[in-house]
Amino acid sequence: MKRVIKNCLVILLLFMVPTTIFASSYKQQLDDLEQQQKNSQSSIKVNEQQIKELDADIKDLVGRIVQLDRQIDEFDIKIKDLEQQLSDKEKEIEVTKQDLAKAKEKEEKYFKQTSERMKVMYEQGDSAYIDIVLESKNLSDLLNRVEYINALLEYDTNMIKELEAIRDDIAATEVKLEEDKEKIVGLKAECDLQKSALEDVQATKEKEMAALEKDKRINQAEIDAKKKEMDEIAKAIDNIKSKLVYAGGKMAWPTKSHRITCPFGPRPHPITKNPSYHTGIDIGIPSGTSVKAVSNGTVTFAGYSSVWGNYVLIDHGSGYVTIYAHNSKLLVKKGQKVKIGQTIAKSGNTGWSTGPHLHFGIRKNGEWINPLNMLN
């Protein structure tokens, strides 16, 4: 009899050893995964702080770019003004050249006429005027001839003065022409300088914009990597922890409201605006609204994440896990058993959220599924 009992104990111990080893291994895996989850959450917090600093840098960059755009507009206006001045000055020089040509033509004509008069006066001397006076027929004729001579002398004097005035005008016009040409050179130099400055400003803007886009890509890549890491850890925890058996059938709604503000599936990210995949549904409700368990289960996580804010994970068995995110207050703790319809949190706007709502999601065997296919 003792031998039988002894043999039974040996057999029982043989069955218990693997179970004990398995339990110890299971606990160690679970502890390791939970530690990884904590490390990942800590890393996300660090990344979140870096994002805040980057957002501040981006804000400064945007402000500088606005200033650069204003400078570019100012340079454009200044260059257009200089180009207009240049065009006006070139037209003015063309008119001056035409006036100078006419003045020189007039000078040549007056010079020729004056030269001919001077030649006649030189060849005939004063005798020409005396002959005109002596040939007078009477006193009246004499007076007329004297008046004629005075008119000729006055004409000669005026012609010489006009010739001098024309030459002075030509000289002044030539000086002005040279001054205008120097102004043209100055305007062209100033225009080139402003265009060069404009090119420098545009290059600076493009460089800073490129840096901004690079920082955005790095930022998004870091966020995606952290989310992927969290998803993988959550899948592993789901697979290990899901020892319950789901009761089956449809699940209850987590809130009284059924107003969906963002459905399951592809969408632009509400914060980064990049293409993303929404892993659940967003239910539009005011902050402080009661959030309830959709089925019986065990709370596997109740805490804070920079992405999900205050959130709860509930294991319902058979691979089904539900998430309730962005809450203002949590009313359950990790390891707590919950019943369908039990209030587990108060809704809010924590984590990566653009307004008060509940993010509700369902995992089946580690994969996100459309909650509407499971909700009653």
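The values are calculated or read from the model by the stated rules, or taken from the named source; none is laboratory data. Since this is a predicted model, take the numbers as computed values, not measurements. Glycine also receives a Cβ, built like all others from the backbone with ideal geometry; neighbour counts cover every protein chain displayed. The protein model used for the area step is the full one, side chains on, heavy atoms only, and it has no ligands, DNA or RNA in it. Shrake-Rupley method; radii C 1.70, N 1.55, O 1.52, S 1.80 Å.
Cβ-Cβ contacts under 7 Å between residues 6 or more apart (or on different chains), taken from a first residue in the stretch 336-351 that is without any contact (Cβ under 8 Å) to a residue 12 or more places away in the chain to a second residue that is open to solvent by 60 Å² or more (accessible area, probe 1.4 Å) and not in a strand (DSSP E or B), are absent. Those residues that are crowded, with 16+ Cβ neighbours inside 10 Å and either touching a residue at least 60 places away in the same chain (Cβ under 8 Å) or of a type outside the set (Gly, Ala, Ser) (or both), I need them from the stretch 318-335; list them, please. Matches in the stretch 318-335: 319, 320, 321, 322, 323, 324, 326, 327, 330, 331, 332. When each of 270, 286 is tested for being part of a loop (DSSP other than H, G, I, E, B), farther than 19 Å from residue 364 by Cα and modelled with pLDDT of 95 or more, the lone residue that passes is 286. Only one of the numbered conditions (1) open to solvent by 30 Å² or more (accessible area, probe 1.4 Å); (2) at pLDDT 95 or above; (3) within 22 Å of residue 235 (Cα to Cα) is not met by residue 341, and that is (3). Looking at the structure I just gave you, is residue 313 crowded, with 21+ Cβ neighbours inside 10 Å, under 34 Å from the mean Cα position of the chain (by Cα) and either part of a strand (DSSP E or B) or without any contact (Cβ under 8 Å) to a residue 12 or more places away in the chain (or both)? No: the conditions fail for residue 313. For the residues 189, 197, 210, 203, the requirement of being over 28 Å from residue 81 (Cβ atoms) and either among the aromatic types (Phe, Trp, Tyr) or assigned to a helix (DSSP H, G or I) (or both) singles out 210.
Taking the criterion of being outside any strand (DSSP E or B) and surrounded by fewer than 16 Cβ atoms within 10 Å (Cβ to Cβ), the residues of the stretch 350-369 that qualify are 354, 355, 365. Do we find that residue 295 is assigned to a loop (DSSP other than H, G, I, E, B) and buried (at least 21 other Cβ atoms within 10 Å of the Cβ) in this structure? Yes.
Pairing each residue of the stretch 183-211 that is under 29 Å from residue 92 (Cβ atoms) and touching a residue at least 60 places away in the same chain (Cβ under 8 Å) with any residue that is open to solvent by 50 Å² or more (accessible area, probe 1.4 Å) and part of a helix (DSSP H, G or I), provided the two are 6+ apart or on different chains, yields C-beta distances under 7 Å for 184/90; 187/85; 191/83; 194/78.
Looking at the stretch 303-319, is at least one residue of a type outside the set (D, E, K, R), farther than 27 Å from residue 43 by Cα and in contact with an Asp or Glu (Cβ under 9 Å, 6 or more places away or on another chain)? Yes, that holds for at least one residue.
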